[in-house]
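In what follows, a single structure is set out as C-alpha cells and then discussed.
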Amino acid sequence: MGKINIVRIDDRLIHGQVMTKWSKGLGTNAIYVIDNETASDDFMKDIYINTNSSSGLKIDVLSTDEVVEKWQKDQFGNDNVILLFKNIPAVKSVLDKDVLPVEKLNVGGISKKPDATFVIPSVGLNQADAEKLKEIEAKGIEVYFQTVPDSKKVSLDDAIKAIK
C-alpha cells in the first residue's frame, strides 16, 4: 500500500521547491499532479511526466476523478506520494469524496488575483478561497500555509486574518 506524504496546493505545480525541499526526507518516490486541465492536455502531461528523468521521482498527471480511482484501485501501489494540486477547488472536490486518507493540507503557492490578499508571501487568497478552506478544515483536515519545510508554518485562522 502506498502512502500520501503531503497534500499541497501550488499553482506552479512542479518546480524547485517541490522537487527538492518537499520531496526530501519523507521517503517520497512519486509526485501526482492533480489538475483536470493538465490531465486532459497530452502535451503538458508529457512535459510533467518527463521531468522524472532529472528528478528520479515517478511523476503522474491525473484528473480529480482519476486520483480517487487510483486510490480505490490499489492505494497508490508502492508509491509514497506528494499529491500536488493546482488550486483550491480541485483539492476540495477530491476531499469532498471522503476517499483519500488526508490529515493535513499544505497551501504553498497561489498567485494573487485582483480581489485577493497575500496571507503569506506566496499565497494570495480571497474570501471565497478562505470559505472553501474552512470547509476542508471542518472535515478534520489541518489546513496550513508554508512555502518550504523550513519556513514558518501559518494556521488557516491566522492566515485569514489578513484578508480584507
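In the Gaussian network model of the chain, springs joining C-alpha atoms below 10 Å, which of Gly27, Gly109, Gly124 carries the largest mean-square fluctuation? Judging by the Gaussian network model, the answer is Gly27.
Can you bin region 1-123 into rounded, prolate or oblate? Criterion: square roots of the alpha carbon gyration tensor eigenvalues sorted a ≥ b ≥ c, rounded for a/c under 1.5, prolate for a/b above b/c, oblate for the rest.
Values: a/c = 1.38, a/b = 1.23, b/c = 1.12.
Verdict is rounded for region 1-123.
Probe radius 1.4 Å, ligands and nucleic acids ignored: give me the carbon and sulfur share of the accessible area of the chain as a rounded percent. It would help to have the intermediate numbers written out before the result.
Working: 3920 of 8020 Å².
Of all accessible area on the chain, carbon and sulfur atoms account for 49 percent.
The Rg/Rh ratio of region 61-160, with Rg taken over Cα atoms and Rh as the Kirkwood radius over Cα pairs, comes to 0.97.
Restricting to DSSP H runs of at least four residues, report the calculated mean residue ellipticity at 222 nm for the chain, -39500 (n - 2.57) per run over all residues, nearest 500 deg cm²/dmol.
Details: 7 runs with 51 residues, N = 164.
The helix contribution divided over the chain gives -8000 deg cm²/dmol.
Most tightly packed first, judged by the mean number of other beta-carbon atoms within 10 Å of their residues, the peptides 38-46, 6-14, 61-69 read 6-14, 61-69, 38-46. Anything over 27 Å Cα to Cα? Flag those among Lys73/Lys112; Lys21/Lys86; Lys58/Lys152, in the order listed. From the list (Lys73/Lys112; Lys21/Lys86; Lys58/Lys152), the Cα-Cα distance tops 27 Å for Lys73/Lys112; Lys58/Lys152.
Of all aspartates and glutamates in the structure, those lying under 17 Å Cα to Cα from Lys3, and not within fewer than 8 positions of it along the same chain, are Asp60, Glu66, Glu69, Asp74, Asp79, Asp98, Glu103. Restricted to Cα atoms, region 65-122 shows a radius of gyration and a Dmax of 13.9, 42 angstrom.
With all protein chains kept in place, the per residue accessible area of the chain amounts to 49 square angstrom at a probe of 1.4 angstrom.
Taking every C-alpha pair closer than 8 Å and separated by at least 6 residues, the mean separation divided by the residue count of the chain gives a relative contact order of 27 percent. Computed over the chain with a Gaussian network model linking Cα atoms closer than 10 Å, the most mobile of Leu26, Leu95, Leu133 is Leu26.
The values are calculated or read from the model by the stated rules, or taken from the named source; none is laboratory data. Quantities reported herein were computed from a predicted structural model and do not represent experimental measurements. As a convention, Cβ positions derive from the backbone with ideal geometry for all residues, glycine included, and neighbour counts pool all protein chains shown. Accessible surface is based on the protein model in full, side chains and every heavy atom, while ligands, DNA and RNA are left aside. Shrake-Rupley method; radii C 1.70, N 1.55, O 1.52, S 1.80 Å.
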